[in-house]
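Novice: Dropping a structure here in structure tokens format, bear with me for questions.
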Amino acid sequence: MIIIKKISIILMTTIIMGCVDVTARAEQGPQTIPLTAQAAVLIERSTGKTLYGKDENRGMYPASMTKIMTAMIALDYIKPEEFIVLGEELRQAPVGSSVAYHKVGETILFENLLRGLLIQSGNESACAIALNVAKRSKNVEDMDYDEAEKVFCDLMNNKAASLGAKNTHFANPHGFHEENHYSSARDIALFCREFMNNPLLSEIVSEKSFIGSGAGINYPEGSLTQEYNWESHNNLIKDGDEYYYSYANGIKTGFTSEAGNCLAASAQKDKIQLISVVFNSPEPGHWNDTKALFEYGFNNYGFRVIQSGKTFLEELVIDNPRLGEDKTLEVFSAKEFTQFLSDDEFSRIVRKITYNPDLLADNPDEELIADVTIIKPPIDMNQLLGTVTYSLDNTVLFEDDIVSTKDVLVRTRQSDIIYYWKSFKSTAFTEKYLPYWIGGAALVVGFIILMITLSVRRRRRSNSFSRYHFRSTL
């Protein structure tokens, strides 16, 4: 049995269920959230991790959630502090669609044109953005609107693909219904994640309203301007509304008769930032669905410290260590690793420690415990010993190096002699052994006196014998 266990040691497999440095909340497995939406998704913003999905890759009509992409494309070409003169492109907004009530010939601060797009959900704001961006992208002074819209949609589709979208095609800048204009909950969530990384855009979609001059206070003298009073369509961020959600901070609503009620929303609680997208949910389902998704995310997920820096991993036994030195070597983690996980995922994490086989003892001492890892000298300080790996459902989440925290030298005859000599010096000349030294010294002195006395007696006898022998011969 011992031999079998030691063979397993040589194979370098140490598997430990669970992790360190985290107090997990009560375990709660995956749930099915009762949603009225036809398609939905919930992701964590910083990591992009999908927490919940319902037909999240299904192609759907996005309605005014399209304007999330429109705003991002706009800032790729036009600075927020620039002034834009609005023209006949405003009339290209589909009849009966949502408008921000801009005027032809009006001068507007581009930052506020974005507010008309995102707060008031103005379709003519989108048309103005599309024309001005298209002209900038082609470096021309004038362009037909139909051509500009095609150029702008190409920019939208290219950016969508660059962000990882798989089920999206934009045919206009505002989201008014077209059969060839579609996206998916997952793709819209990808766009939202990028969108919320822009400080200006994330600020605008958190605003409950905008009241003031469209051109701001430092507009060009003589410009045609007008005052606006826009109110957000996002009831989640409006205090006092029955659907208000205290952690919500954006993003964009959408509605057409074909798309139904749609909502791309974001919320932050402590350090956790979530993004949800729901498609085609009957009133008031898009508000309730979104709140249910957020509550599920906040209640079941969190950032877990899977490994802390300098965390003790295990203790290795040193094969035939030098006399007087440690018989074990403690190994520690080097880096910290945090992962956004549910309680159920956290409970399934597996830690595996693997050592370099060249460092393991070939013939470990039979008296050592059989289920420990035995490492052989020499080992240098900071030498790579192996790796520690954390996996979830056979997918590696993180891998870290394990290095030695000290030198481990080979035992030799010379090292034994040095050890014994040091041991003798450290113990022989202590107060404890003083009586022995006195007794020993007394014995030596007594022995010397005895030897001197015997020597004197021998001489006397020899001299006496010599005198007697001399007289007798006479």
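Novice: Given the conditions (1) of a type in the set (Lys, Arg); (2) assigned to a loop (DSSP other than H, G, I, E, B); (3) closer than 12 Å to Ile129 by Cβ, and given that Arg58 satisfies all but one, which numbered condition is not satisfied?
Specialist: The single condition Arg58 does not satisfy is (3).
Novice: Going through region 304-322 one residue at a time, which ones are surrounded by 14 or more Cβ atoms within 10 Å (Cβ to Cβ), at negative phi and not in a strand (DSSP E or B)?
Specialist: Selection gives Ser308, Thr311, Asp319, Pro321, Arg322.
Novice: Does region 43-52 contain at least one residue that is in a helix (DSSP H, G or I), at negative phi and surrounded by fewer than 21 Cβ atoms within 10 Å (Cβ to Cβ)? Steps first, answer last, please.
Specialist: Initial filter on region 43-52 (in a helix (DSSP H, G or I)): none.
No: region 43-52 contains no residue that is in a helix (DSSP H, G or I), at negative phi and surrounded by fewer than 21 Cβ atoms within 10 Å (Cβ to Cβ).
Novice: Is one or more of the residues making up region 252-267 over 25 Å from Val99 (Cα atoms), surrounded by 14 or more Cβ atoms within 10 Å (Cβ to Cβ), in the same structural domain as Pro62 (by TED's automatic domain parsing) and not hydroxyl-bearing (Ser, Thr, Tyr)? Walk me through how you get there before you give the answer.
Specialist: Within region 252-267, the subset over 25 Å from Val99 (Cα atoms) is 267.
Checking which are surrounded by 14 or more Cβ atoms within 10 Å (Cβ to Cβ) leaves us with 267.
Now drop any that are not in the same structural domain as Pro62 (by TED's automatic domain parsing), which leaves 267.
Restricting the remaining residues to those that are not hydroxyl-bearing (Ser, Thr, Tyr) gives 267.
Yes, some residue in region 252-267 is over 25 Å from Val99 (Cα atoms), surrounded by 14 or more Cβ atoms within 10 Å (Cβ to Cβ), in the same structural domain as Pro62 (by TED's automatic domain parsing) and not hydroxyl-bearing (Ser, Thr, Tyr).
Novice: Give me the residue from region 175-184 that is touching a residue at least 24 places away in the same chain (Cβ under 8 Å) and either within 23 Å of Leu90 (Cα to Cα) or surrounded by fewer than 23 Cβ atoms within 10 Å (Cβ to Cβ) (or both) and, out of that set, nearest to the chain's Cα centre (by Cα). Steps first, answer last, please.
Specialist: Filtering region 175-184 down to residues touching a residue at least 24 places away in the same chain (Cβ under 8 Å) leaves 175-177, 181-184.
After this cut, where a residue has to be either within 23 Å of Leu90 (Cα to Cα) or surrounded by fewer than 23 Cβ atoms within 10 Å (Cβ to Cβ) (or both) as well, the list is 175-177, 181-182.
Numbers: Gly175: 35, Phe176: 38, His177: 39, His181: 35, Tyr182: 32 Å.
Of everything passing the filter in region 175-184, Tyr182 is nearest to the chain's Cα centre (by Cα).
Novice: Right, next: Could you run through region 151-174 and say how many residues are touching a residue at least 12 places away in the same chain (Cβ under 8 Å) and either among the hydrophobic types (A, V, I, L, M, F, W, C) or farther than 17 Å from Arg58 by Cα (or both)? Working first, answer last.
Specialist: So the first thing to find is which residues in region 151-174 are touching a residue at least 12 places away in the same chain (Cβ under 8 Å), and the list is 151-153, 155-157, 159-160, 163-174.
Next, only the ones that are either among the hydrophobic types (A, V, I, L, M, F, W, C) or farther than 17 Å from Arg58 by Cα (or both) stay: 151-153, 155-157, 159-160, 163, 165, 170-174.
So the answer is 15.
Novice: Confirm whether Asp343 is in the same structural domain as Phe312 (by TED's automatic domain parsing) and at pLDDT below 85.
Specialist: Details: in the same structural domain as Phe312 (by TED's automatic domain parsing): yes; at pLDDT below 85: no.
Criteria not met by Asp343.
Novice: Another question, if that's okay. Take the residues in region 236-246 that are buried (at least 19 other Cβ atoms within 10 Å of the Cβ) and not aromatic (Phe, Trp, Tyr); name whichever of them is farthest from Gly285 (Cα to Cα). Before you say what the answer is, go through the steps one by one.
Specialist: Taking region 236-246 and keeping what is buried (at least 19 other Cβ atoms within 10 Å of the Cβ), we get 236-237, 245.
From what is left, the residues that are not aromatic (Phe, Trp, Tyr) are 236-237.
Details: Leu236: 13, Ile237: 16 Å.
Within region 236-246, the match that is farthest from Gly285 (Cα to Cα) is Ile237.
Novice: Here is a further query. Here is a list of conditions, (1) modelled with pLDDT of 85 or more; (2) assigned by TED's automatic domain parsing to the domain that holds Phe312, and Ala63 meets all of them except one; can you say which number that is?
Specialist: Just one mismatch for Ala63, condition (2).
Novice: Scan region 197-235 for residues that are assigned to a strand (DSSP E or B) and surrounded by 13 or more Cβ atoms within 10 Å (Cβ to Cβ) and jot them down.
Specialist: Pass one, region 197-235, residues assigned to a strand (DSSP E or B): 209-213, 224, 227-231.
Those that are assigned to a strand (DSSP E or B) and surrounded by 13 or more Cβ atoms within 10 Å (Cβ to Cβ): Ser209, Phe210, Gly212, Ser213, Leu224, Tyr228, Trp230, Glu231.
Novice: Starting from region 79-101, keep only residues that are in the same structural domain as Asn218 (by TED's automatic domain parsing) and under 23 Å from Ser213 (Cβ atoms), then list their pairs with residues that are among the charged types (D, E, K, R) and assigned to a loop (DSSP other than H, G, I, E, B) whose Cβ atoms are within a distance under 8 Å, requiring at least 6 positions of separation or different chains.
Specialist: These pairs meet every condition: Leu86/Lys103; Leu90/Lys103.
The values are calculated or read from the model by the stated rules, or taken from the named source; none is laboratory data. All values derive from a computational prediction rather than experimental measurement. Methodologically, a virtual Cβ is constructed for each residue, glycine included, from the backbone with ideal geometry; neighbour enumeration extends over all protein chains shown.
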